[in-house]
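What follows draws every value from the coordinates through simple rules; no lab data is involved. This one's a predicted model, so the numbers in the text were calculated from it and none came from an experiment. Every residue, glycine among them, receives a Cβ derived from its backbone with ideal geometry; neighbour counts consider all protein chains shown.
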Amino acid sequence: MEQIGHWIDGAKVAGSGRTADVFNPSTGEIQAKVALAGKAELDRAVEVAAAAQPAWEATNPQRRARVLMKFVDLLNRDMDKLAEALSREHGKTLPDAKGDVQRGLEVVEFCIGAPHHLKGEFTDSAGPGIDMYSMRQALGVTAGITPFNFPAMIPMWMFAPAIASGNAFILKPSERDPSVPMMLVKLLEEAGLPKGILQVVNGDKEAVDAILDNDVIQSVGFVGSTPIAAYIYERASANGKRAQCFGGAKNHMIIMPDADMDQAADALVGAGYGAAGERCMAISVAVPVGDDTADRLIAKLAPRVEALKVGPYTSGEDVDFGPVVTAAAKQNILGLIQSGKDAGAEAVVDGSEMSVQGYEDGFFVGPVLFDRVTPDMDIYTKEIFGPVLSCVRAKDYEEALGLAMDHEYGNGTAIFTRDGDAARDFAKRVNVGMVGVNVPIPVPLAYHTFGGWKKSMFGDLNQHGPDAFKFYTRTKTVTARWPSGIKEGGEFSIPVME
Ligand code: NAD
């Protein structure tokens, strides 16, 4: 059985205590054991980071960026290997796993611009003989805690700007799929990153608490479910750390009567069921405006959902989505599906009983499409994080907008319409962080920022884009006046005979 340890001080370190099982979700088999760090292992990594960081910060930003350039080459070289390892532990299809790596890689590319992003501001002659300038300086030792659903992308969203800014970074990945983060740190060291600047400490709550209580760590990034995001934000802030914590979601897509219904149905199928619905930007609620729109939408949607192919990633491009991550996740999803039926939602498509031939022990859940869901049902209020799409019928645009506005989560949302005025009004008024207009999953590109509102985000600075360089640096502002010097006494015109 493979033993996955930690990566500390440029080497693989075996765990010294508890472990967790790492499953292959397609087969249900345990394929590895991952070490769960305690305080001593975390503190050791912090010591190493603190010793390595000053020299890295003193390395000029162009040289730091060159390490990231080389890292991009290595990511592309090893793309297939990374995707395979990712799919084997997560269950998503290989093309989707490559997308996971790619969306992280794009943030690394953005961070290659670090010399530009870290430039300060300068005011010449702010007063007589006075100049004022600001510089952005690294925080020191930083840390991040990441979820299972994007084991390549989200770690890269954190560590690329952190190390480009001159920090050391300690990553605590999800214990469900720890292999890809271990591969990423090795690739970065192959690209020339000094040891100790990026380290991986695997673990669970014990390792997380050790991060939150360590005095040397200056900042904590978190992505995961909302209750843990709130806990980490509070404890990190109480301990004087800078924190940005991203939580769960319930993303609504409004379908106006004038929308192209084929386009809307295609968008919903991809956004609702891709990666088995295990995306924080998945659309989990469709809100058609008017009964006629709802009937037309369901008529287009149902056959598409029925036709979805579910299977292991090893089946190649034949499969639309794979299993969910664990048996516990499957049970939770099936429980919520049952609660929807009990509460009177209409299961137009019900794949909850499906099993995949030859993979009966895999954690597969077939696609489920509910119609006539109402806002009091658990399947509406809770994040299901599975292949379940709920249709809530709204009588008019204002009611549809109100649904998205009143939900406690505010990560992403979308409107499908041909009407510019409705789209513009929606984008302006909705209290959600990322909005799509005829785009179902509006994940901003690397040079913009990513972040939700309401219970989907605790903190103020978003991930990637310019915010990332703000999050991982402190501003220092210098006011300088130089008293008059030798120039006052100097003679600068050519001496001439009077
Ligand atoms: P999770 O909250 O269970 O775990 C996330 C991380 O927190 C993991 O590293 C885990 O080890 C750690 N953790 C778990 N329980 C903990 C505890 N009690 N104390 C301290 N640390 C703990 O989330 P998950 O199941 O890995 O990921 C799915 C969730 O992440 C969904 O809610 C999804 O919406 C959310 N997510 C949000 C975003 C976003 O950007 N908003 C992106 C991706 C995923």
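Stretching the chain fully between residue 262 and residue 59 yields a gain of 67.7 nm (0.36 nm per residue, less the alpha carbon separation).
Residues whose amide H falls under 5 Å from that of residue 284, counting only those 5 or more places apart or on a different chain, are 251, with hydrogens built in the peptide plane. Residues of the range 80-108 with an amide N closer than 17 Å to a point placed 7 Å from the Cα of residue 2 along the Cα-to-Cβ direction: 80-94, 97-98, 101.
Here the label points at residue 80 and residue 125, each 7 Å from Cα along the C-beta direction, are separated by 6.4 nm in the simple model.
Taking 0.36 nm per residue of sequence separation and removing the Cα-Cα distance, the residue 31/residue 346 pair yields an extension gain of 109.6 nm.
Output the direction-averaged projected area (hull surface divided by four) of the convex hull of the alpha-carbon atoms of the range 225-290, in nm².
Numbers: hull surface 23.4 nm².
Its average projected convex-hull area is 5.9 nm².
First check a/c for the range 251-437, with a ≥ b ≥ c the square roots of the eigenvalues of its C-alpha gyration tensor; if it is under 1.5, answer rounded, and if not, answer prolate when a/b is larger than b/c or oblate otherwise. Prolate is the answer for the range 251-437, as a/c is 1.5 or above and a/b outweighs b/c.
Using R₀ = 35 Å, calculate the FRET efficiency as 1/(1 + (r/R₀)^6) where r is the Cβ-Cβ separation of residue 477 and residue 448; round to 0.05. The calculated FRET efficiency here is 0.85. The residue among 27, 117, 328 whose Cα reaches farthest toward the positive pole of the charge dipole of the chain, with charges on the beta-carbon of Lys, Arg, Asp and Glu, is 117. Across every direction, the projection of the convex hull enclosing the Cα atoms of the chain has a mean area of 29.6 nm². Whole-Hz Karplus ³J(HN,Hα) for the range 15-32, in order, using 6.51 cos²θ - 1.76 cosθ + 1.60 and θ = phi - 60°, x for Gly and Pro? Working through the residues one at a time gives x, 10, x, 5, 9, 10, 6, 10, 9, 9, x, 6, 10, x, 7, 7, 10, 7 Hz. Restricted to Cα atoms, the range 65-176 shows a radius of gyration and a Dmax of 18.1, 65 angstrom. Each of 393, 136 was scored by other Cβ atoms within 10 Å of its Cβ. Listed from fewest to most, they are 136, 393. Rounded to the nearest 5, the antiparallel percentage of DSSP beta bridges internal to the chain is 45%.
Would you mind ranking 132, 158, 434, 377 by Cβ crowding within 10 Å, fewest neighbours first?
Working: 132 16, 158 29, 434 25, 377 20.
Going from least to most buried by this count: 132, 377, 434, 158.
Under 5 Å from the amide H of residue 393 lie the amide H atoms of 372, 373, each residue being 5 or more positions distant or on a separate chain, with H modelled from the backbone and absent for Pro and chain starts.
Here's how it looks for residue 255: its modeled amide H is under 5 Å from those of 287, 289, 416, which are all 5 or more places away or on a different chain.
With θ taken as phi - 60° and the Karplus curve 6.51 cos²θ - 1.76 cosθ + 1.60 applied, the whole-hertz 3J(HN,Hα) list for the range 430-436 is 5, 8, 10, x, 9, 10, x Hz, x standing for glycine and proline. Checked against a 23 Å cut-off, the cross-linked pairs 39/476; 300/382; 250/428 give Cα-Cα distances beyond that limit for 39/476; 300/382.
For residue 494 and residue 70, a Förster radius of 45 Å and the Cβ-Cβ distance give a FRET efficiency of 0.25, rounded to the nearest 0.05.
Taking a ≥ b ≥ c as the square roots of the eigenvalues of the Cα gyration tensor of the range 282-349, is the shape rounded (a/c under 1.5), prolate (a/b larger than b/c) or oblate? Don't jump to the answer; show the numbers that get you there.
On the way: a/c = 2.66, a/b = 1.33, b/c = 2.00.
It comes out oblate by the Cα gyration axes.
Residues in the range 391-397 carry Karplus couplings, in order, of 9, 10, 7, 10, 7, 8, 4 Hz; the curve used is 6.51 cos²θ - 1.76 cosθ + 1.60 with θ = phi - 60°, and Gly or Pro positions show x.
When each of 310, 13 is scored by the number of other beta-carbon atoms lying within 10 Å, the sequence from fewest to most is 13, 310.
Label the range 1-119 by shape, choosing from rounded, prolate and oblate, from the square roots a ≥ b ≥ c of the eigenvalues of the Cα gyration tensor; if a/c is under 1.5 it is rounded, and otherwise prolate applies when a/b is larger than b/c, oblate when it is not.
Details: a/c = 3.04, a/b = 1.24, b/c = 2.45.
Oblate, since a/c reaches 1.5 and b/c is not below a/b.
Length available on full extension from residue 137 to residue 116: 0.36 nm per residue minus the Cα-Cα distance, which gives 6.2 nm. Name all residues of the range 162-195 having a backbone nitrogen under 15 Å from the label point set 7 Å from the Cα of residue 50 along its Cα→Cβ direction, giving them as ranges. Answer for the range 162-195: 168-170.
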